[in-house]
Amino acid sequence: MEKSTRERILQRLMQEDWISGQALAEQLNISRTAIWKQITALKEAGYAIESNKKTGYHLIDRGDHLTPLAIEHYLRTNTLGRKIFHVEETETTQRIAHDLAQQQVAEGMLVVCDYQTSGRGQLGRIWHETKGNGIAMSLIVRPDVPLDQAGQLTLLSGLALATALRDLDVPVTIKWPNDLLIAGRKVAGILTEMQTEGSRISSVIIGIGINVQHEEFRDVIADRATSLKLATGRTFQRAEIVATFLNQFEQMYTRWVEEGFGSFVQAWEQLADKLNQSITVRSRQQIVTGILRGIQADGTLMIESAQGLETFHSAELVYWTEN
């Protein structure tokens, strides 16, 4: 997508220490008055920009933004995230991504927003969000693999996100199949949904929600949720988190398409929460308590119960009592 005038000005500010209004006007072929108006709009949007009559404009602080330009600054991918659809607020990024996927946008399109009002989690649960504190994003991929392998992308996404956050010194673990935890509290969730054409995959929409700067949660989830800031005492650049995930996921995704999920099992188990500990599993048919023994090459969960080794393809690990 073509960059707006405002984005092009911001890009130049990121590239230069100081740049004059005259230089910006000449480079963008617009008036200095138009430059001033866009600089004012950027300041109102939260960018710290210093103005000087002699030297021009200087970007003091990039701020915590989820704009395409902010994400691109950290991005090292070839395909994923190279096209970004950004909105300030929406009900759910999944809905936008589904619409875009049906319009046959290229693989790697990312939908990201600052505030998601009706986010969904696994089993239809609500994803709670507060404005400007979290990350809500949906990534469109079009893997050429059998239909029954699409579900593995939930596990692969979780592994990539956990690896990315650990690269940022956040001690996350993975709760099978789709949550990330810090010290037993949920910090991120993943929802994958598939579009098909006959017997083949048309697209998979990978939705991810991450609690980043939150300092408190509503009572209903206060005992089970956390954020990166609450858990570490640090603030984070949300754009860096998004890009670090995409950088990590692109490498894993390429390898997964070629080799399958089996080669990722060991890495996944190293980050698995409660591995070799007692856990309760709930599926549509039963509730089983046993020792979590890991996953199989296709991502199936293995539990050692009183009846022996049992496997689960679709279920959830019970950590909390539903309110």
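Rule-based calculations on the coordinates, nothing more; no lab input. As the structure is a computational prediction, the values presented were derived from the model and not from experiment. A quick note on method: Cβ atoms are made from the backbone with ideal geometry, for glycine too, and the neighbour counts reach across all protein chains shown.
Applied to region 112-117, the Karplus parametrisation 6.51 cos²θ - 1.76 cosθ + 1.60 on θ = phi - 60° returns per-residue 3J(HN,Hα) values of 9, 9, 7, 8, 9, 8 Hz, with x for Gly and Pro. Counting every other Cβ atom within 10 Å of each residue's Cβ, W176, W268, W320 order from fewest to most as W320, W268, W176.
Between amide H atoms placed 1.01 Å from N, distances below 5 Å from I49 occur with I60, all of them 5 or more places distant or on a separate chain.
Once you've got the GNM for the chain with C-alpha springs shorter than 10 Å, pick whichever of A188, A164, A150 has the biggest mean-square fluctuation. Top of the fluctuation ranking is A150. For F261, the shell of other residues with beta-carbons less than 14 Å away shows a net charge of -4, using +1 for Lys and Arg and -1 for Asp and Glu.
Across all directions, the average flat footprint of the convex hull enclosing the Cα atoms of region 5-61 is 3.3 nm². Summing charges over neighbours of E107, with a neighbour being any other residue whose Cβ is under 12 Å away from its Cβ, gives +1 when K and R count +1 and D and E count -1.
Comparing M137, M109, M194 in a Gaussian network model of the chain, where Cα atoms under 10 Å apart are tied by springs, the biggest mean-square fluctuation is seen for M194.
Less than 5 angstrom separates the built amide H of S202 from those of Q195, T196, E197, all sequence-distant by 5 or more or on a different chain. Here the Gaussian network model covers the chain, with springs between Cα atoms less than 10 Å apart; of V257, V212, V204, V257 fluctuates the most.
In terms of other Cβ atoms within 10 Å, I241, I291 run from fewest to most in the order I291, I241.
Only one of [x] 29, 51, 19, 1; [y] 30, 53, 15, 2; [z] 29, 47, 14, 7, 2, 0 was calculated from the structure for P(r) over Cα pairs in 20 Å bins from 0, in percent, and its label is [y]. What the phi angles of region 167-174 give under the Karplus curve with 6.51, -1.76 and 1.60, with θ = phi - 60°, is a coupling list of 4, 9, 6, 10, x, 7, 10, 10 Hz, glycine and proline written as x.
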